[in-house]
Amino acid sequence: MLGFGKKTAIGLDISSDSVKLVELMKKGNKIVLLNIGMAKIPKPETLSESKTLKFDQENTIPIISNLLKRCKSRYVVTSVPCGEFVVIKHLKLPVATEKELRESIKFEADEHIPFSAEEVEIDFEIIGEVYENKETLMEVLLVAVKKDIVNQYQEIIKKVGFKTDIISVDTFSLRDTWDFQKGVNDNEVVALIDIGAKTTSINVVEKSKSHFNRVIHLGGNDFTEALARTLRLSLEEAEDLKISKGKVPSPFEDVEVAAMNISVITEDESMLLFSAINSVVNRLMNEIMRSFSYYYTQLKKEGIERIILGGGGAKLLNIDDYLANGLGMPVDKISFFDKLEIDFDQIKKDEVYLQDPIYAVSFGLALRGLNL
């Protein structure tokens, strides 16, 4: 769903365990950061309850209202996280105009998604033309989101007294942020990896076009759950430990030495912490390898040159170095706040310092609201 650009806009990244907010203002050729904030949504008591996307609105709406109360804009752009309620397909279709494709896309969706066209909101993006078997075809990115999920997000925004006409998908919001950081015409082939609470999305991008998408059902909650099981902690205690002490041993340091350098918990507990985190990181790395292998062998696409990490999971200390060593390519955390003018009358410096990955999706959403 497309909207007109505004002078100010709020990007609101609502997931099952947190809400992240970025408010931007367009001032001439500059983008000004007006507000930023994050609030945790209380975790469910059982792991099974943490697997659903359905929000406890009674608890969630006051949290969102409290975040939004200092914002100047009344216009919000939000997104749905990748997962079972979102289908992303790359199709090769006969060449058609955008108007013709818009008229026929529901019929194509019925052929390629596990829901009926009446159950979903559908959008598409034309990637370009490909030549196969002596025929020119059009590569199209098809995105379908369950209507009941879209309605749930719209209802939340309405109940907190704000307006929205754009519901995006988080992996494409990260792409918008990357475009802002590097420029839309950049030729580098980059894998944007968003490590969210429940899932990790991979979006291989070149010149602002998505050429490959995959969702891995593994995310920040898996680190929390591994710590809870290994150290016999509650989910809340494990989450606090992950945030305060969680790290992946650097490939360049000795694990035992690293364990000794973690204060507050014992060396034995530190070793267990590393063991729990490493088990999840290695699973994640194997899934990334599988995704890249498919990208290369089945799709016969160009080589991926670099990985850019976003999402709360990217805040885990040393995860970029560990993945770079294991995957054999450069891995960086997304970084964009240094390109903004920041209103430090409203924002504390420590709220933005090294916080780029956490706010990458909400920043991209706010950019979309400004029509950038």
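The values are calculated or read from the model by the stated rules, or taken from the named source; none is laboratory data. From a predicted model like this one, the values you see are computed outputs, not experimental measurements. Cβ sites come from the backbone with ideal geometry, for glycine too, and all protein chains shown count toward neighbours.
Just one of the listed residues (Ile358, Ile308) is under 22 Å from Cys82 (Cα atoms) and outside any helix (DSSP H, G or I), and it is Ile308.
Which residue is modelled with the lowest pLDDT, if the candidates are limited to the stretch 337-354 and must be of a type outside the set (Lys, Arg) and over 20 Å from Leu67 (Cβ atoms)? So the residue we want is Leu354.
Residue check: is Gly326 within 20 Å of Gln181 (Cβ to Cβ) and in contact (Cβ under 8 Å) with a residue 40 or more places away in the chain? In short, no. Please verify whether the stretch 108-128 includes one or more residues that are over 19 Å from the mean Cα position of the chain (by Cα), surrounded by 14 or more Cβ atoms within 10 Å (Cβ to Cβ), small (Gly, Ala, Ser) and modelled with pLDDT under 95. There is at least one residue in the stretch 108-128 that is over 19 Å from the mean Cα position of the chain (by Cα), surrounded by 14 or more Cβ atoms within 10 Å (Cβ to Cβ), small (Gly, Ala, Ser) and modelled with pLDDT under 95. What number of residues in the stretch 68-91 are of a type in the set (Lys, Arg) and touching a His at 6+ places or on another chain (Cβ under 7 Å)? Adding up the residues that qualify gives 1.
Of all residues in the stretch 70-115, those being under 18 Å from Gln154 (Cα atoms) and not aliphatic (A, V, I, L, M) number 8.
Only residues that are surrounded by 14 or more Cβ atoms within 10 Å (Cβ to Cβ), modelled with pLDDT under 90 and either part of a loop (DSSP other than H, G, I, E, B) or on the phi > 0 side of the Ramachandran plot (or both) were counted across the stretch 50-80, and they come to 2.
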